[in-house]
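So the structure is just underneath, and the comments pick up after that.
The values are calculated or read from the model by the stated rules, or taken from the named source; none is laboratory data. Just so we're clear, the structure is a prediction, and the values are computed from it rather than from any experiment. Cβ placement follows ideal geometry from the backbone for every residue including glycine, while neighbour counts extend to all protein chains displayed. The area values use the complete protein model at the heavy-atom level, side chains included, leaving out ligands, DNA and RNA. Shrake-Rupley method; radii C 1.70, N 1.55, O 1.52, S 1.80 Å.
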Amino acid sequence: QHIPYCICYYDGKIKHSYYVTDFKDHKDMIINAIQSLLKPKYSGYSIYVHNLSNFDGIFLLNSFVSITDNSDNNKIKITPILKDGKMIVIKIKFGKYNISFKDSFLLLPLSLKKLAIQFNVNHLKTIFPYNFVNDKFNQHIDLNYFGMIPDIKFFDNDMLQVIELRNIYLKFIENFLDTSPDKDLKKWSLRSETIKYCMNDCVSLYEILINFNQVIFNKFSLNINNFPTLPSLTFGLFRANFLNKINKLGYNIPLIKGEMFEDLKKSYTGGATEMYIPSNSDDNEGKVYGYDVNSLYPTNMSKGFYMPVISKKINYITYFEGNLYSHDLPNNFTKNAFGFFNVDLKTFKEIQHPILQIKHNTGNGIRTISPLGR
């Protein structure tokens with residue numbers, strides 16, 4: 001929305017570049033950029049966009065729809081893959097060929113600036129006068145502006161301290177003079193500097209992904225292009241490099257599918273984090289005690305201990321009543337039962353802070369709630 005320029009960068013080279021004034025509008029520019037990729041020689045390519053899921057993907061999908069409207073729908077098919085409301089991958093199939101748009105932020109969840117530093121790439125993140133092309137700060141925008149370097153106020157960035165921004169701005173001017181053939185501050189061109197800025201971002205992200213992929217391939221013989229998110233890559237590393245070793249020790253990890261998976265999934269509801277105003281009554285003489293225990297739940301689960309109880313009042317669940325029994329199981333199993341059980345629970349309705357969680361279909365999605373009763 002702010003940077004009036006688009007670059008298609010792949011195979012380590014700038015293949016296509018577009019400027020908004022060369023087209024009817026920015027939407028027409030994006031459509032032309034996407035269409036330049038719909039060629040058989042690019043089939044199977046992955047196009048990475050940093051923060052595609054939360055920002056760029058929204059605008060891209062709008063352009064994708066326009067492409068299908070102007071084409072034979074049997075030839076071009078857009079398939080966004082969603083998870084938890086986020087676009088993980090946008091697949092475009094054209095004829096018997098396909099390309100995929102992916103979010104590099106889902107693989108490397110840091111800013112481009114930080115990633116470039118950590119991966120020690122040749123092209124570090126630079127600054128740009130975003131506000132200079134934002135009508136909120138500049139009501140007389142001229143996309144063909146040619147003149148003095150914009151004032152520092154147009155480079156304002158909430159993430160930068162004033163002193164840091166000033167130092168970067170001065171460095172920006174110095175670099176401009178070093179690279180400008182005329183050594184003249186009045187020769188600053190919005191068009192050429194936008195091209196330079198966007199090109200640097202594309203090359204920087206390319207170098208980051210190449211370096212990251214090299215690290216993963218050298219250590220684990222996997223290609224990051226096969227994994228759209230960091231959790232999927234992590235699970236891939238586990239399965240490819242550690243699962244066999246664990247299985248050899250006798251610890252087989254089954255892959256649960258179908259009806260059994262759906263049944264067991266209902267019992268996994270995530271943790272509950274709550275905050276209460278501490279009481280300062282006469283019972284504890286004005287004292288409030290805070291407890292912090294590391295790995296309390298995993299430790300107790302692994303040792304088979306009962307969870308500790310702090311309150312003697314009915315505000316909290318203090319114990320469970322009942323027996324694990326089945327006609328189909330031997331008696332010694334019921335004494336040391338371990339596994340998944342479908343149980344019938346009934347809570348006191350006087351409990352002030354319910355903690356037994358269930359997944360409930362509200363009609364507007366699945367929500368985790370802590371009800372009272374049976």
Please give every one of the lysines within straight-line cross-link reach of K136, meaning a C-alpha to C-alpha distance under 27 Å, and leave out same-chain neighbours fewer than 8 residues apart.
-> K24, K27, K113, K125, K153, K171, K186, K187, K196
Computed from every Cα-Cα pair in the stretch 192-236, P(r) in 5 Å bins starting at 0 and rounded to whole percents is 5, 21, 21, 19, 12, 9, 8, 4, 1
Quick one: net charge around K257, please, counting Lys, Arg +1 and Asp, Glu -1 for every other residue with C-beta under 14 Å from its C-beta.
-> -2
Measure of exposure for T229: accessible area at 1.4 Å probe, Å² rounded to 10, is 30
Based on the mean of other Cβ atoms within 10 Å per residue, sort peptides 107-116, 264-273, 348-357 so the most packed one is first.
-> 107-116, 348-357, 264-273
Quick one: order H26, H140, H50, H123 from most to least accessible surface, probe 1.4 Å.
-> H140, H26, H123, H50
Taking θ as phi - 60°, what are the ³J(HN,Hα) couplings along the stretch 220-226 by the Karplus curve (6.51, -1.76, 1.60), each to the nearest whole Hz, with x for Gly and Pro?
-> 10, 6, 10, 9, 5, 5, 8
Could you order F217, F23, F59 so the one with the most accessible surface comes first? Probe is 1.4 Å.
-> F217, F59, F23
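How large is the dipole of the stretch 85-220 about the Cα centre if only Lys and Arg carry +1 and Asp and Glu carry -1, each at its Cβ, rounded to the nearest 20 debye?
Taking the Cα centre of the stretch 85-220 as origin, the dipole is about 680 debye.
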Around F172, what is the net charge, scoring Lys/Arg as +1 and Asp/Glu as -1 over all other residues with Cβ under 13 Å from its Cβ?
-> -1
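Quick one: net charge around V89, please, counting Lys, Arg +1 and Asp, Glu -1 for every other residue with C-beta under 11 Å from its C-beta.
Local net charge: +3.
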Using heavy-atom solvent-accessible surface (probe 1.4 Å) with all chains present, what is the largest-first order of M260, M199, M29?
-> M260, M199, M29
Can you pull the accessible area of F261 for me, 1.4 Å probe, Å² to the nearest 10?
-> 90
